[in-house]
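Reviewing the structure listed below.
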C-alpha cells in the first residue's frame, strides 16, 4: 500500500513538474508535502526565499525543511565542498536523495540538498551579483553635551570563481571641553576561489584612530586559506600569509614601515533564519620589529527585519603591544546600527 501511494505521489509530482516546466517556474516540495510554485530569489544563511504570484510577501523557508526542488532557471550554486557551478537544480522524484545540477559544462549528481549552501539567480546585469548594506547609529548624552554618530557600510560582488568586497566604518564623537574623537576603518579585498575549498586573498586595510594616535595605518595582506566548514548554517575559514604595514602618526613620531606575518580566521554562524553571527580575527606577528604583535578582532550580531532592514550590534578591538609613546595598546568600539541591505 505504501509503495502504491509512493508511486502515485511520484507520478503526481512529475505531472505537476512537467506543467510547471512549460511555464518556467520554480517548484519546491517541503518535507511535510506542501508544494509551492514561484521564483527562487536566493538561498543564503540556510533560508530559501521564494517569490510567488499569489502572495504579496516572499516566502522564507528553512532549507533543511525542503524535500524536493525543481528549478530550470540558471543559478550560481555553491556546494559545501567549495565548488561553484552555473546550472539548474532538479530533484529525482522517486529518489529525493539524488539531485541533478545541469550546466553548460555538464551534469553533477549530489546526494543531499544540504550540500547546496548558496543559490543566486544569474542575471544579465551587474547588479544581479551585487550585495550592499548601509547602517547608521546616533547617541546623545546630556552630560557634557556628548554626541556620537557612526556609519557602517559594506559592498560585495560574487562571480563564479572569485569575489570582491569593500567596507567602511566611520565614528565621530563630539562633547563640550573635549577635542573631537575620530575613527575610520576601511577595507577593500579580492578573493580567488580554487577547488577543494582553497582560496587566495589579497586585501588592504585602512585605519585612522585618535586613541592610538594613528593618522593612517595602511596594511596590505596576502594570504592563502582553506574553508574548514562550509554548510548552510556555518562558514569557518582559516588562513596564513604576510602583510606590509605602513603607519603615519598624529604626533611627531616618524613614519614606520614593517613586514609582518599574518594568521587569520573567520567564523559565520546562522543561528536562526533572522539571526547571523560573524567573528573574525587577524593576528600580525612582526617580522622586522622584534617582539611586536598586533591583532584586529571583530564580532557582529545581526538581526534581519522585514523589507531588508536590519539591526546590528558590533564589537571591534584593535590591539598593539608596542604602540608609540602616549598611545593606548587597545582601542575597542561597540556600535549599534539600524540599516538596509540590497
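The values are calculated or read from the model by the stated rules, or taken from the named source; none is laboratory data. What you see is a predicted model; the values in this text were computed from it and never measured. With ideal geometry, Cβ positions are generated from the backbone for all residues, glycine too; neighbour counts draw on all protein chains shown.
Things to note:
- Number of the condition not met by residue 55 [criteria: (1) modelled with pLDDT of 85 or more; (2) at negative phi]: (1)
- Filter result for residue 237 (within 16 Å of the chain's Cα centre (by Cα) and surrounded by 15 or more Cβ atoms within 10 Å (Cβ to Cβ)): yes
- Some residue of region 252-261 being in contact with a strand residue (DSSP E or B) (Cβ under 7 Å, 6 or more places away or on another chain), modelled with pLDDT of 95 or more and surrounded by 15 or more Cβ atoms within 10 Å (Cβ to Cβ): yes
- Residue that is farthest from residue 268 (Cα to Cα), among those in region 281-310 that are surrounded by 15 or more Cβ atoms within 10 Å (Cβ to Cβ) and within 16 Å of the chain's Cα centre (by Cα): 310
- Any hit, region 301-324, residues being in the same structural domain as residue 134 (by TED's automatic domain parsing), assigned to a loop (DSSP other than H, G, I, E, B), farther than 19 Å from residue 211 by Cβ and touching a helix residue (DSSP H, G or I) at 6+ places or on another chain (Cβ under 6 Å): no
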